[in-house]
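Data block below; observations after.
FYI, it's all coordinate maths here, none of it is from the lab. The structure displayed is predicted, hence computed values, not measured ones. Heads up, the Cβs are rebuilt from the backbone with ideal geometry, glycines too, and the neighbour counts pull from every protein chain shown.
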Amino acid sequence: MLVAQILRTKGDMVFTVGPGSPLAEACALLRARRVGAVLVREGTGPVLGILSERDVVRALADGPDALNRPVSEAMTADVVYAAPNDTVDALLAQMTDRRFRHLPVCEGDRLVGIVSIGDLVKEKIAETEAEAAGLKAYISAG
Ligand code: AMP
């Protein structure tokens, strides 16, 4: 299963926040959109970073004033991307190794979506169930 197939169902929506926006604004976006991470960019400019719930928790460990500080101070600037032709298995392995749960997907220079570990696990379970059903049907036909 390829990540492109997940995006066909999920769509290409990626929520973004500006690097100078206060962290509180990013928190409001995470809550309103019910997502665990947003990309940081100025308008339609290049991606400058990724901000996940974990970054918010880390920033808040320094005190509640962190909510007034710019997103750029809490984000991860070195963003790792997936490609549409990457397999679900390879991306699950990568997320486990690198200990993060989000991967923006790029086709060349173009951002075409974002997948979470939840999206990948859901697909993996569906695939495994379909395989099991196929095997059961094969066995009972024989
Ligand atoms: P997460 O598990 O996705 O909540 O993120 C854990 C940490 O990894 C946070 O510091 C994120 O900013 C960072 N992170 C999440 N996804 C990525 C990614 N695709 N590339 C680089 N860092 C990431």
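Could you count how many residues in the stretch 62-80 are within 16 Å of the ligand (Cβ to nearest atom) and surrounded by 14 or more Cβ atoms within 10 Å (Cβ to Cβ)? Write out each step before concluding.
Applying the first criterion (within 16 Å of the ligand (Cβ to nearest atom)) to the stretch 62-80 yields 62, 66, 69-80.
From what is left, the residues that are surrounded by 14 or more Cβ atoms within 10 Å (Cβ to Cβ) are 66, 69-72, 74-76, 79.
Going through the stretch 62-80 one residue at a time, the tally reaches 9.
Here is a list of conditions, (1) buried (at least 17 other Cβ atoms within 10 Å of the Cβ); (2) within 13 Å of the chain's Cα centre (by Cα); (3) part of a loop (DSSP other than H, G, I, E, B), and Ile6 meets all of them except one; can you say which number that is?
Among (1) buried (at least 17 other Cβ atoms within 10 Å of the Cβ); (2) within 13 Å of the chain's Cα centre (by Cα); (3) part of a loop (DSSP other than H, G, I, E, B), the lone unmet condition for Ile6 is (3).
Kindly indicate which of Pro84, Pro46 is surrounded by 12 or more Cβ atoms within 10 Å (Cβ to Cβ), more than 9 Å from the ligand (Cβ to nearest atom), within 21 Å of Val115 (Cα to Cα) and not aliphatic (A, V, I, L, M). Even if it seems obvious, please write down each step before you answer.
Working: Pro46 fails: surrounded by 12 or more Cβ atoms within 10 Å (Cβ to Cβ).
Result of the check over Pro84, Pro46: Pro84.
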